[in-house]
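The values are calculated or read from the model by the stated rules, or taken from the named source; none is laboratory data. Everything numeric in this text was worked out from a predicted model, so none of it was measured. Neighbour counts run over all protein chains shown; Cβ positions are idealised from the backbone, glycine included.
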Amino acid sequence: MRASYDGVVLAAPVTVPYVRYSIRSAHWWLARAFSLLLEKSSLEKCEVDGLTVSSFTLVPDTAIGFTQHIGVSPRWLDHIPLGGASGVVALRRAARAVQAGDAEVVACIAGDTNHVDSFRLTLANFSQFARDAVYPYGAGGPNASFAFLTAYYMRLHGARPEDFGRLCVAQRANALRYPHALFKKPLSLEEYLSARPIAEPLRLFDCVMPCAGAEGFLVLAEDRARAMKLPYVHLLGTIERHNAFSADPVQMRAGWALEREALYGQAGCGPQDMDFVETYDDYPVISLMQIEDLGFCAKGEGAAFVRSRSLTWDGDFPLNTSGGQLSAGQAGAAGGFLGMVEAIRQLTGQAAGRQVRAAKRGLVSGFGMINYDRGLGSGAAILAA
Amino acid sequence: MKLKRKNPVLRTRLPTLPPAARSRVALGLTAAAALGRFELQHCMQCGAVQYPPREACQHCLSIELKWKADAGAGELLAATVLHHSNDLFFRERLPWRLGLIRLESGPTVVAHLHARVPAAPAPVHVTARLDRAGQAVLVALPDKETSDMAEDRQLREFSCDPKLRKVLVTDGKSAVGQALVRALAAAGPELIWVGYAEPWKKFAGFDELKSIPQVTLVPLDITDSKNVRELAAEIGGKVDILVNNAEHHRTFGIGNRHGVETARAEMDVNYFGLLRLAQEFGPAMRSRGADGLASAVAWVNLLSIYALANFPAHGTFSASKAAAQSLAQCLRAEMRPAGVRVINVFPGPIDDEWNQLLLPPKVSPAALAAALVKALREGVEDVYPGDVAQEWLERWRDNPKALEKELSS
C-alpha cells in the first residue's frame, strides 16, 4: 500500500502569458513564473525552499544554474526534463519532499522560449534516437511519429477524421474563454477538415503550435496554505510509468494502462467520479489513448466515446478546459504543466468564464518525450477541491 | 527518352543535404550501407535484434553487439505523407512519403517509403541506402521488384542511376573500359562520352564503341593537364557521372627493376590523373548537385584491392592505388556538400594482360562493369567485385596485419 498524500496540497496556479515568438531566453520565462508565484502567494523569495525546473531551451543550464540566475538558495532542488510528463512528475517529487519535511514550500515551474529557429534546433537535437533514426527522414520531431500513430489507430479502431476534429473544435471553444490561449478565433469542424495536410492523416489543427511561455504552481503543507489563506487543492493519487509496452510495434497504449488501478486505488475513486479531465494533447490521438488507458472507455472505443460526449467546459465530459495545447499553444515543457495549472484553477474556483460547475475532482494526465517512434513518459494525478 | 533539363540561363539551385549528424554507434548502419548491405545490431548474448542502434542490448544489457545482415522483410504498419518539414533538403522535395515498418526480425523502423508500396498493411522489403549526405537511411521498397522501381522520385534521391544521365568514361581503350561502356549503355543513359588517349592510333574495339548510339568518343589523356582542362571546359558542366577507369599497371616490386620511371608513370595516371580530373571536373560537378532530376550524382574511381594492402609482386602499382584511394577519400569529403557520391571500386586481379601470370579466380571486365553499374543504381560507396576482392575484404576487416603477412609470403 502506497503512502497517501494527506497533508500536502497544491496552490498558486500561475501562467506567464504565451507568445508565438520571444527574443528572451528560457531564463526570462522561468524567472517570470517564479516571480508570479511569489506575487500570488505573498511569499518572500527565501521562504520558497524547494524548486523543480522543467525546460528544453534552458540549455546549457539546468535547475542548479538557474538558482544562481534568480538568486535563490533552495534546500531541495530537482531538474525534471520529462517534457509533457514534467507536471505530474514534478508534483510527485515535490509532494513527497514536503511530506518528508525535506522542503516546506516547493515551487514547480516549467517554461520555454521560442525563437524563430529554436523549434528546429530542439528537434534536430532532441534525442540520440531522434537524431539517428527520425530526423534524417525529414520529419524531425513528432509530426511524422504521430501521423503513424494516428493512421494506425484509424485503421485498427475505425476512427474517422471527424472524431479527432470534434476534440479540436471543443477545445477551441474552451480556449475562447481562456485569456492566455494563443488561438482567439472559433474553429468549425469544416475548417478543421479542410485545413491543409501537414503529415497525412494529420491536418494543421491536429498539430500544436510551438510558442514561448511558462507555468507554475506551489506544493506545500496544507496547514501552511491554510495559514497563508491560499486557495488550495488536495492530491488524492498519482502514478508515473515510463517506456511501458516497449514491445508493442506501434504505440497504442502507454504507462497509464499499467498503473491506472494503482491511481484509482490510491485516490479512492474511479473515472466516473471525475468532474473534468486534462489530458496531454499535443495531438488528438494521444488524448483518445489517455481516455482509454485511464479507464473512461475500453481500448479502441475512444473515438466512439468522444462522439457520444460533449467535451466543452460546460459539457458532460469537460476535457482540456483551457483549450489544451492544441488551442493555447505548446510552450515547450510548460505544455506538461498546462493541465495541472488549469486543474488547480478549476478546483479552486479560479477558472472564470469556463468554470466547470461544482468541480470537486479532476484528473490530470501527462505524456512526454517522443524519443524515437513513441512517447516514453506517462503520468497522471487526481486532484480534489 | 530524355529528361527535361533545366534552362541553363536560369539560376541553378544550390545543393542541400539531408541531416547528416549521427551518433558514432549509428555509423554502423552507414558502414554496412556503404558496401550495399543492410545490417542491424545483434546481441551476441541473447540474440536480440535492435534498432535504433544502442550501446548495450536493451534486453540483457550485454555490450557484445555485432552488426549482422538483416533480410529486410517487414510489414508496413502505417504510412504518412509529409507536407511540411523543417529541413531545407526535404522542404525542396515535398511531398515526401514515410513508413513505419515492423521488421520480421523484430524492431519497428521509420523508413523512406517507395511510392509503389500500397496502403498499410502491406509487405515491404527494407534496405539501407546512403542518402545525399553520405549517411545511411532505411528505404522500404515493394516486396516484389518491378522494372520501373528505380524511377521512383524518392528512391532516385538515394541512387546514382545512370538512366537518362550523361556519363564520362575516361578510358575506352582498355578491355575494362569497353566493358564499362557496354554495361552503362545498357543502363539507358542519355549519352556517354568515352575518352581515348593517343587519338592518332586506332585501337582494338574502336569501331564497336563508335557504333553504340549513345557514345561520343573524345580524345582524353589524363596525364596531360591541358587536355583535361580543355575537355572539362567543353563538357564539364554536363557530366552527371564521371567514371575514371584509366590506369597504368606494370608488374614489379622494388628490387627487380631499376629506376623510378615506370613507378612514376603509374603515379602519373593512377594518382595525378585522378588529381587532374578532380581539379578540372570536380568544381563543375559540385555546382550541379541539385540541377533538377538529372543532376551531377556520382564520381567513380577504379582502384584496386591492392590499395588496402600492398601486393609485393605488383608493389609500385599497389602503392599508386593506395595513393589514389587516399586522394579519393579527400575527393569524397569535398564532393559531399554537393551530394555527389564518390564510389570507389576495389577489384581483385582483373582478367587482363597485366595479370596474365596470376592464377584464377580473376574478375572479368564484364563482371566488373556489371558490379559498377549495380553500385550506381544502389548508391553504394565502396564496391568489392569478384571473389578475390570479397575474400581480401573479409581478411582485411578481420586482421589487416595478418593480410599483410599473407600477401608477402
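Just a few scattered comments:
- Flag if B:Val137 is of a type outside the set (Phe, Trp, Tyr), surrounded by 22 or more Cβ atoms within 10 Å (Cβ to Cβ) and facing another protein chain (nearest Cβ under 10 Å): yes
- The number of residues in the range B:50-83 that are in contact with a Cys (Cβ under 8 Å, 6 or more places away or on another chain) and assigned to a strand (DSSP E or B) comes to 2.
- Residue under evaluation A:Arg93, criteria (1) assigned to a helix (DSSP H, G or I); (2) more than 14 Å from chain B (Cβ to nearest Cβ); (3) buried (at least 24 other Cβ atoms within 10 Å of the Cβ); (4) in contact with a strand residue (DSSP E or B) (Cβ under 6 Å, 6 or more places away or on another chain), criterion not met: (3)
- Failed item, numbered, when A:Ala214 is tested on (1) within 14 Å of chain B (Cβ to nearest Cβ); (2) surrounded by 22 or more Cβ atoms within 10 Å (Cβ to Cβ); (3) of a type outside the set (Val, Ile, Thr): (1)
- Summed over the range B:93-118, residues that are of a type outside the set (Gly, Ala, Ser), part of a strand (DSSP E or B) and either at the interface with another protein chain (Cβ under 8 Å from one of its Cβ atoms) or over 21 Å from B:Asp152 (Cα atoms) (or both) total 9.
Quick grid of which residues meet (1) under 20 Å from B:Arg182 (Cα atoms); (2) surrounded by 24 or more Cβ atoms within 10 Å (Cβ to Cβ):
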residue	(1), (2)
B:Leu302	yes, yes
B:Ala307	no, no
B:Leu327	no, no
B:Arg341	no, yes
B:Asp352	yes, no
B:Asn355	no, no
B:Glu381	no, no
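- Qualifying residue in the range B:229-240 (condition: assigned to a helix (DSSP H, G or I), modelled with pLDDT of 95 or more and either buried (at least 21 other Cβ atoms within 10 Å of the Cβ) or in contact with a Pro (Cβ under 6 Å, 6 or more places away or on another chain) (or both)): yes
- Output for the range B:337-373, where each listed residue is in contact with a strand residue (DSSP E or B) (Cβ under 8 Å, 6 or more places away or on another chain), of a type in the set (D, E, K, R) and modelled with pLDDT under 95: B:Asp351, B:Lys362
- Residue count, the range B:66-92 (criterion: at the interface with chain A (Cβ under 8 Å from one of its Cβ atoms) and either among the basic types (Lys, Arg) or touching a Lys or Arg at 6+ places or on another chain (Cβ under 6 Å) (or both)): 4
- Yes/no for A:His180 being away from every other protein chain (no Cβ under 13 Å), within 29 Å of B:Gln135 (Cβ to Cβ) and not basic (Lys, Arg): no
- Pairs with Cβ under 7 Å, 6+ apart, first in the range A:119-131 and within 13 Å of B:Arg22 (Cβ to Cβ), second among the hydroxyl-bearing types (Ser, Thr, Tyr) and in a loop (DSSP other than H, G, I, E, B): A:Gln128/B:Ser23; A:Phe129/A:Tyr372; A:Ala130/A:Tyr372; A:Arg131/B:Ser23
- Residue tally, condition within 14 Å of chain A (Cβ to nearest Cβ) and assigned to a loop (DSSP other than H, G, I, E, B), over the range B:16-37: 11
- Restricting the range A:1-38 to residues that are under 24 Å from A:Ala181 (Cα atoms) and without any contact (Cβ under 8 Å) to a residue 24 or more places away in the chain, the residue that is surrounded by the most Cβ atoms within 10 Å (Cβ to Cβ): A:Leu38
- Filtered residues of the range B:162-209 (kept if touching a helix residue (DSSP H, G or I) at 6+ places or on another chain (Cβ under 9 Å) and among the small types (Gly, Ala, Ser)): B:Gly172, B:Ser174, B:Ala175, B:Gly177, B:Ala179, B:Ala183, B:Ala186, B:Ala187, B:Gly195, B:Ala197, B:Ala204, B:Gly205
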